[in-house]
1. Which count do you get for residues in the range 1-48 that are within 29 Å of Pro209 (Cβ to Cβ) and modelled with pLDDT of 90 or more?
2. Quick check on Asn226: is it under 19 Å from Cys66 (Cα atoms) and free of Cβ contacts under 8 Å to residues at least 40 places away in the same chain?
3. If I ask for residues that are more than 17 Å from Phe151 (Cβ to Cβ), touching a helix residue (DSSP H, G or I) at 6+ places or on another chain (Cβ under 8 Å) and either surrounded by fewer than 20 Cβ atoms within 10 Å (Cβ to Cβ) or of a type in the set (Gly, Ala, Ser) (or both), which ones from the range 161-176 would you list?
4. Given the options Phe137, Phe253, Phe217, name the one that is touching a Leu at 6+ places or on another chain (Cβ under 7 Å) and either touching a residue at least 24 places away in the same chain (Cβ under 8 Å) or farther than 22 Å from Ser52 by Cβ (or both).
5. Tally time: how many residues in the range 114-157 are assigned to a strand (DSSP E or B) and surrounded by 14 or more Cβ atoms within 10 Å (Cβ to Cβ)?
6. Tell me whether the range 96-107 contains one or more residues that are among the small types (Gly, Ala, Ser), part of a loop (DSSP other than H, G, I, E, B) and modelled with pLDDT of 95 or more.
7. Which of the residues that make up the range 148-164 are in contact with a Phe, Trp or Tyr (Cβ under 6 Å, 6 or more places away or on another chain) and either at positive phi or at pLDDT below 95 (or both)?
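The values are calculated or read from the model by the stated rules, or taken from the named source; none is laboratory data. Because the structure is predicted, anything quoted here is derived from the model rather than measured. Glycine gets a Cβ as well: all are built from the backbone with ideal geometry, and neighbour counts include every protein chain shown.
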Amino acid sequence: MKSSTVRIHSLDELRGICLALMVLYHAMYDIYALYNVYIPFFYSAPMRFLQSFFAGVFIMIAGITCSFSRSNFKRGIKTLVCALAVSLSTMLVTPAEPILFGILHLLGVCMVLYPLAAVVLNQLPQTLSALALFLLFAATWLVPSRKVGFFAFPLLDLSPQLYTNFWFAAVGFAPADFVSADYFPLLPWGFLFLAGSRIGHLLAIKGVPAALTVLRFPFWAACGRNSLAVYLLHQPVLIFIFTLVGILRKSLFSS
């Protein structure tokens, strides 16, 4: 990630590591989908925690970068176009499990709306607003499960009538028949994006610590700088590799 004068390599590196873990997660999913090989850890509670944790780190970094972007609206439109391409391709290739509102959709919408949110948020105390946004993230964590509380601890049930409109799925109020293989609604994830934007705003005002500008892991930094390309290409590459392995395996055992 680049500020007005220096590049924040640590954020690029961290984003690259998050992408690598995402690729590993999708690789395990593809192995099961293509070869029906059950990997117990893939469906375990630790895996669900790790998936949410590193996705959250990725989303927060995207929020941080908003304070250093020349045009968040343009970035958002570009991301939404890519998200639409992902939706269309998954509807054709895996119609039973399309991606209708995944992480790209979330980031695109957040980037487009960020200039409006920043008008208000930039007038508030940044540390307190970041904390408030993170608490809202925790409180709305269970909204897709029709509850509110504090992360996985429910306090109140929400009305089922909120979950009847297909288009409200983007907000977090998905009806029972809504299916999206990758699902990151605005509630709760939009609050985490905005919390990250407050951290970015503080860095833009007070300056970036020198330790964050040191390039330590060039490979991970390169992955982080090209995160959109990695996201778009990793699944076709994985499927090609696993399909090729399956063909070779079949030919070897049949001969």
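1. 15
2. Answer is yes for this residue.
3. Passing the criteria: Leu162, Phe168, Ala170, Val171, Ala174, Pro175, Ala176.
4. Selected residue: Phe137, the only one of Phe137, Phe253, Phe217 that is touching a Leu at 6+ places or on another chain (Cβ under 7 Å) and either touching a residue at least 24 places away in the same chain (Cβ under 8 Å) or farther than 22 Å from Ser52 by Cβ (or both).
5. Going through the range 114-157 one residue at a time, the tally reaches 4.
6. Yes, the range 96-107 contains at least one residue that is among the small types (Gly, Ala, Ser), part of a loop (DSSP other than H, G, I, E, B) and modelled with pLDDT of 95 or more.
7. Hit for the range 148-164 is Phe151, nothing else.
A quick yes/no check of all residues on (1) more than 28 Å from Ile17 (Cβ to Cβ); (2) modelled with pLDDT of 95 or more:
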{"site": "Gln126", "(1), (2)": "no, no"}
{"site": "Leu142", "(1), (2)": "no, yes"}
{"site": "Arg146", "(1), (2)": "yes, yes"}
{"site": "Phe173", "(1), (2)": "yes, yes"}
{"site": "Trp189", "(1), (2)": "no, yes"}
{"site": "Gly207", "(1), (2)": "no, no"}
{"site": "Leu212", "(1), (2)": "no, no"}
